[in-house]
1. Largest first and to the nearest Å, give the Cα extent of the range 300-405 along each principal axis.
2. How much length is gained on full extension from S150 to L420, taking 0.36 nm per residue of separation minus their Cα-Cα distance?
3. State the dimensionless ratio Rg/Rh of the range 65-132 (Rg: radius of gyration of Cα atoms; Rh: Kirkwood radius).
4. Can you show me the helix-derived [θ] at 222 nm for the chain, built from DSSP H runs with n ≥ 4 at -39,500 (n - 2.57) apiece and divided by the number of residues, rounded to the nearest 500.
5. By how many nm would the segment from A214 to V135 grow when fully extended, if each residue of separation counts as 0.36 nm and the alpha-carbon distance is taken off?
6. Can you give me the solvent accessible area of Y440 with a 1.4 Å probe, rounded to the nearest 10 Å²?
7. With N residues in the range 191-339, what two-decimal value do you get for its Cα radius of gyration over 2.2 N^0.38 Å?
8. Please list, in order along the range 330-343, the HN-Hα scalar couplings obtained from phi with the Karplus expression 6.51 cos²θ - 1.76 cosθ + 1.60 (θ = phi - 60°), rounded to whole Hz, x for Gly and Pro.
Amino acid sequence: MHRVRRRSDGRGRARLWTIALGGLLLLAGCTVPGPSAHPGTTPTARPMPLRPSPTGTGTPVAVPIPGVTAWPSYHADPARTGDVAAGASLASLTRAWSADLGGAVFGQPVVASGRVIAATETNRVVALDRANGNVVWSASLGAPLTDVGSKAGCGDIDPLGVTSTPAIDTVSGTVFVVGEVSTGGGSVHHQLEGLSIATGQVVLSEAVDPPLPAGEDPVHLLQRASLAVANGRVYVSYGGNYGDCGDYHGWVVGVNEIGAPDLVAFETAPDGQGGAIWQGGGAPAIDAAGDLYVSTGNSNPDPPAGGPDPITYAESVVKLSADLKPLAAFKDRSAGGDDDLGTGNPVLLADGLLFVAGKTDVGFILRQSDLSPVASIDGLCGSDPDGGAAYDRTANRLFVPCSDGGIQSVDLGRDERGPLLSGANGAPIVVGGAVWAVQYPDGVITQFDAASGARLQRQSVGGSVPHFASPSTALGLLLVGTDTGVAAFRGGG
């Protein structure tokens, strides 16, 4: 483990190795409260791999673009609404550029300080010029895991490097990324890097594997849920690989952005296994008080059908304090087998409410204060909801992605289903009252009229896109991660 305070003189990276021993001692002294503790638990930090210095320039960027100038994390804001005001027009959409980055971009491209940031499954992190997609700087977290199925026992992402959406601290100008790093012989660890958006220089470097019970291995964890930044910490969530092989638990861990890491952790299944926090790639929602909300999957192996899942925090929404102590929980008691409430992240709504939906095809409206139920909407999607819903705050309407196709609208004024928007299945966003969503793996992006569900525009991305792909927008661009990099579009063509 290595950590360095941010410095304005550019010497922070040189100090990483000089503080390595002290950093290792700090991690060894971390404690995890409450239900996360296990007899025989040991920290799983591993040596950080050598990697090249970032390439490129640190020239400041001017952004004379009206409207949305930043997309700092999954679905733009801590509430995970995916709802932003209209900026530069996206009418008559045309391709602006595409960037071949040599690997799949599963997370949303994020944007701040006039730059587009993307991270790949090859563990490459890049800053791109918004005008032409050229690489401004590039950095590597280390070698990704390859031949994943034979080394982990299951999984459907190969190579396996950065899978989650990065998160940006816009005050410090730092982007945080977590990659799965191969250390040889089938061993891995999960590495958190904080990089200066301006230069790509490393300002934070930390091994962030959870404090696993004795006998468990981080190769069985997938860091799929997007990162979150709040309370001076970076929060990192974990589930299992596709196929649920090996022994694993769902986790959230948090480390300080500055100073000693003081790792905190929440484990979803201290009384069993499973309870993945993967959320279809979505991020924990965070309220104004700094409390976190996550949704969890089923126990492992699958419990009997019909529910309830016997593991305490499985098939649940859990509210966590800043130091990851559980404050409240709601369990979908009808969820059994692989019904998986954790297929999408909680979304914070107006009036102190939140929304979540899982594979029982039921949407739940809960109070944020104590997660008590307010209403439920049955029959969502007609197939499993998968990925983060978008919330149109002006119209008080939700848009839920459906794995077998379509975006299910939900009228929150009446707590009932609206039209199913056909032609997309990825997590949508709302831009100036219009809905944008991707069809994966085909690689088509569609704009819908939010009120009627009518298709307004439809554009090929130019190649296939990863599962649960979700667009982002800023600086007059609409951005989509693809199986080879990033595609960008602008209006007015």
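The values are calculated or read from the model by the stated rules, or taken from the named source; none is laboratory data. Predicted, not measured: the structure shown is a model, and the values here were computed from it. All Cβ positions, glycine included, derive from the backbone under ideal geometry; neighbour counts span all protein chains shown. Side chains are part of the model used for accessible areas, which takes the heavy atoms of the whole protein and leaves out ligands, DNA and RNA. Shrake-Rupley method; radii C 1.70, N 1.55, O 1.52, S 1.80 Å.
1. 42, 38, 22
2. On the way: separation 270, 0.36 × 270 = 97.20 nm, distance 3.97 nm.
Length difference between fully extended and current span is 93.2 nm.
3. Details: Rg = 12.9 Å, Rh = 13.4 Å.
Taking Rh as the inverse mean 1/r over Cα pairs, Rg/Rh reads 0.97.
4. Numbers: 2 runs with 14 residues, N = 493.
For the chain, the value works out to -500 deg cm²/dmol.
5. Details: separation 79, 0.36 × 79 = 28.44 nm, distance 4.25 nm.
My answer for the length gained is 24.2 nm.
6. 10 Å²
7. On the way: Rg = 15.5 Å, N = 149, 2.2 N^0.38 = 14.7 Å.
Taking N as the residue count of the range 191-339, the ratio is 1.05.
8. Computed from phi, the couplings for the range 330-343 are 10, 10, 6, 6, 8, 7, x, x, 9, 5, 6, 5, x, 6 Hz.
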